[in-house]
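Only one structure is covered here, and it is reproduced in the block below.
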Amino acid sequence: MAKESHLLALIDTEQQEREMGSVGAEDDGSAGSVRNKNRAVESEVNGDGFGGDTTGHQDPSEIRRKSDRRFYVFACAVLASLNTVLLGYDVGVMSGAIIFIQEDLKITEVQAEVLVGCLSVVSLFGSLAGGRTSDIIGRKWTMAVGAIVFQVGAAAMTFAYSFQALMIGRFLTGVGIGIGGVITSVYIAEISPSISRGRLTSFPEVFINIGILLGYVSNYAFSGLSVHVNWRVMLGVGILPSALIGFALFVIPESPRWLVMQNRVDEARLVLSKTNGDESEVEERLAEIKLAAGAGSNAQTQGEKAVWRELLCPSPSLRWMLVTGIGLQCFQQLTGTDAAVYYSPEIFKDAGIKGNSNLLAATVAVGITKTSFVLVATFLIDKLGRKPLLYISTIGMTVCLFSVGVSLSLLKEGVAGAAPVLAILSVCGTLAFFSVGIAPICWVLTSEIFPLRYRAQAVALGAAANRVCSGLVGMSFLSVSHTITVAGTFFAFAAMSALSVAFVHLVVPETKGKSLEQIESLFQDHHSGKGGYVEIEDVEDHVHE
């Protein structure tokens, strides 16, 4: 009853504001902000968001409609996220397949390093192309193009009989992953209600980890086949997830925000009616999107400058967004987690585990750890918020990466004892903290913070930075570790992770509970962004007393 009482008080306040001059309040944006916050909280209490309470004094048909909307958005997010299984599977399967590729095709260590690491560098071309393509043909058909290109590349790698043929297939799979992967989080962010957007937008990271786990399991399952066949089967299985994407495209709708950009307002209204509540809320959200898209009198003015020109010469607020988005994308990779995944067999070998089967079995534990903790993140991201989870993640990673370095140093000096166990636990701990915070939140925030006009191409720019950093780490890990030892490399990763803690504290704002159209105001002034966070938290705390 306390919830209903406080909620009624908030609704009365909202009605009084409307009666006492909502037009003037809308001019300075304050009343609109309050109404949106109250509506977001009301949604959470009444069950509009995921995890909300659907009990209470409500009409059964209304409860059923809310449940249908939740399931519909959830299904769209899951089906769209199938795209990211491709990236995860490729990352996981190559960690084991490369052992047998080297043995079968007699490639050098440098060639193996290039083969593993080049995917990230190549995928940046797909990422850059995907942003522009999605603005032209739509979000979901861009994902289709990416899946087709990936399938061709995976088939080429499966039947390759030389290093050159492998590289051609690797190039195509990288482009396909870049095209489809960059737009998945954008699509989910654009169809999700504000109250559950963080959770849903983290789904791609969940499916990346599921893909990594499947890749590890595939390595272990097929390692017993002949060396000429096993790695081909491992890579060929990766074609199956992309086939499921074809089915998904006939089920999921197009992004309502992209539809508005194409002046297909009626179609956008239909999609919003399936995802965002009653008719009045749909119309208000549609008006916000039209304004953000530059509809009406601002369309001609906003169309005068190309998006890419504005991204290269940004306004102060857009520059702050770019620093936040691209900075998080870079830190996600420069902390070395991709290297820990790709080269986990090498790390575990240094920790004293012997035999290919045992090494691959140990990597399955890594995959289970990553997948489990990213699932934890999906439940916490809309409750704790983005920034608290980022603090937990980056601080925890710093400690665990340093611990990996210490344990491997002890092993290098011949000090055994608990060092092997500490090394394995520290690697798993690093990936656990990574998965519970910066892994999903990096993509969630990047998809949230940019205005609609810039969103697809700005996210593509951030994804390209992510892939470049991942490629640099992946392609240099073996060489650097030979120069400064594996332990020294992890000490360097720990230092980079410590820098990421400072970056989160100084640069990243909290975006929990705000609509995509509201978030832009957070970047008008860094301090007002913090204030907005406190204000919405106060409202939520008041309702949940």
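Only one of the listed residues (Leu235, Leu270, Leu291) is modelled with pLDDT of 80 or more, closer than 19 Å to Pro193 by Cβ, out of contact with any Phe, Trp or Tyr (no Cβ under 7 Å at 6 or more places or on another chain) and not aromatic (Phe, Trp, Tyr). That residue is Leu270. The residue of the stretch 172-182 that is farthest from Gln329 (Cα to Cα), among those that are at pLDDT 80 or above and crowded, with 24+ Cβ neighbours inside 10 Å, is Thr173.
With respect to the stated conditions, Lys140 fails to be open to solvent by 20 Å² or more (accessible area, probe 1.4 Å) and closer than 30 Å to His228 by Cα. Being farther than 20 Å from Val307 by Cα, modelled with pLDDT of 85 or more, surrounded by fewer than 24 Cβ atoms within 10 Å (Cβ to Cβ) and among the hydrophobic types (A, V, I, L, M, F, W, C) is true of Met167. The condition of being under 18 Å from Gly462 (Cα atoms), touching a residue at least 60 places away in the same chain (Cβ under 8 Å), open to solvent by 20 Å² or more (accessible area, probe 1.4 Å) and in contact with a Pro (Cβ under 9 Å, 6 or more places away or on another chain) holds for only one of Trp308, Trp320, that being Trp320. Selection over the stretch 155-200 of residues that are part of a loop (DSSP other than H, G, I, E, B), more than 21 Å from Glu103 (Cβ to Cβ) and of a type in the set (Gly, Ala, Ser) gives a count of 1. Based on what the data block shows, is Val251 among the β-branched types (Val, Ile, Thr) and either in contact with a Phe, Trp or Tyr (Cβ under 7 Å, 6 or more places away or on another chain) or exposed (fewer than 14 other Cβ atoms within 10 Å of the Cβ) (or both)? Against the criterion (among the β-branched types (Val, Ile, Thr) and either in contact with a Phe, Trp or Tyr (Cβ under 7 Å, 6 or more places away or on another chain) or exposed (fewer than 14 other Cβ atoms within 10 Å of the Cβ) (or both)), Val251 qualifies. The lone criterion from (1) more than 20 Å from Asn466 (Cα to Cα); (2) open to solvent by less than 40 Å² (accessible area, probe 1.4 Å); (3) touching a residue at least 24 places away in the same chain (Cβ under 8 Å); (4) part of a helix (DSSP H, G or I) left unmet by Tyr72 is number (2).
The values are calculated or read from the model by the stated rules, or taken from the named source; none is laboratory data. Keep in mind it's a predicted model, so treat the numbers as computed, not measured. Note that we place each Cβ from the backbone using ideal geometry, even for glycine, and neighbour counts take in every protein chain shown. The accessibility values were calculated without ligands, DNA or RNA, using every heavy atom of the protein model including side chains. Shrake-Rupley method; radii C 1.70, N 1.55, O 1.52, S 1.80 Å.
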